[in-house]
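The structure under discussion appears below in the form of structure tokens.
A short reminder: the numbers here are calculations on the coordinates, not readings from a lab. All of these numbers come straight from a predicted model, not from anything done at the bench. Note that we place each Cβ from the backbone using ideal geometry, even for glycine, and neighbour counts take in every protein chain shown.
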Amino acid sequence: MADPTPIDLASLRRSCGHCSLRQLCLPAGIGANDLARLDEVVHRRRPLQRDERLFHHGDAMTSIYVARNGAFKTVSLSEAGDERVIGFHLPGELVGLDALADGEHRCEAVALDSAEVCEVAVDELAVVAAQLPGLQRQLMRVIGQGIALDRDHAEMLARRHANERIALFLHGIGERLAHIGQSSLQFRLAMSREDIASFLGLAIETVSRGFTRLQDDAVIAVSGRRIEVLDPVELSRLAHGGAPPEEQRRQA
């Protein structure tokens, strides 16, 4: 009998090095054969161009997607056809979980720049996940992370002050980038000011003034879409509604 084709585990790990499912490669319980079976249900899609739709409102859920390169925004549509940004998806994050409830997408996913996704057929994934406990656990963690992002968005919209919403947004982006091994202190925003304003429920002029104020206060440095966090402690304080240092000293 011919020897089976060797599996390049190193290549598989590299290909999913920034993926939200990357921990599947690490547990000892998932061996070469199981990893190969998982790789069989992951299909590479063609690159998407800026503003290209990954899926549309009302589309049946046939796959979930992982942003391999680039970033996406998810938008909901009003009856008048107006778009409202309800989420951003960075490299390594899942896109398309909104359709888990009833099998139809309730929003549209739009590429913010040139992007590439990995497509995973839902039916095939369900079969493999039923046989790989590690995959089931990781999928639950990823779904939980998506729920946490929705909760963070609701918290942003509940903040009274625009600068707190903006600080929480920037702090959250930094944490998510750190999760995939990128810098949380120096990064480029894939989304426009207009998209950020829609996501935060603010006017675009308010977002621009908020960025300027954070820069004037030496919390961040802004150059176009490039952000450098100069004072991460202060950004975290603003994001989480902590008292300013002078007030903390008075209370002490």
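Between GLU194 and GLN131, what FRET efficiency follows from the Cβ-Cβ distance if R0 is 41 Å, with the result rounded to 0.05?
That pair, GLU194 with GLN131, gives E of 0.35.
Compare the peptides 71-79, 219-227, 108-116 by average per-residue count of other Cβ atoms within 10 angstrom and give them in order, highest first.
Ranking the peptides 71-79, 219-227, 108-116 by packing returns 108-116, 71-79, 219-227.
Let me know the shape class of the stretch 159-251, please: from the alpha-carbon gyration tensor, a ≥ b ≥ c as square roots of the eigenvalues, rounded when a/c is under 1.5, otherwise prolate if a/b is greater than b/c, or oblate.
Oblate shape, in that a/c is at least 1.5 and b/c is the bigger or equal ratio.
Using a Förster radius of 41 Å, what is the FRET efficiency between LEU230 and ASP150 based on their Cβ-Cβ separation? Nearest 0.05, please.
It comes to 0.85.
Which FRET efficiency, nearest 0.05, do THR212 and ASP51 yield, Cβ-Cβ r, R0 25 Å?
0.35
Hey, can you grab everything whose amide H is under 5 Å from the amide H of GLU52? Only 5+ residues off in sequence or another chain; H modelled, so Pro and N-termini drop out.
Excluding prolines and chain starts, which carry no amide H, the hits are ALA111.
Taking θ as phi - 60°, what are the ³J(HN,Hα) couplings along the stretch 206-213 by the Karplus curve (6.51, -1.76, 1.60), each to the nearest whole Hz, with x for Gly and Pro?
With coefficients 6.51, -1.76 and 1.60, one gets 5, 5, 4, 5, x, 5, 4, 5 Hz.
Full-extension gain between ALA121 and GLN182, please, as 0.36 nm times their residue separation minus the C-alpha to C-alpha distance.
Between ALA121 and GLN182, full extension yields an extra 19.1 nm.
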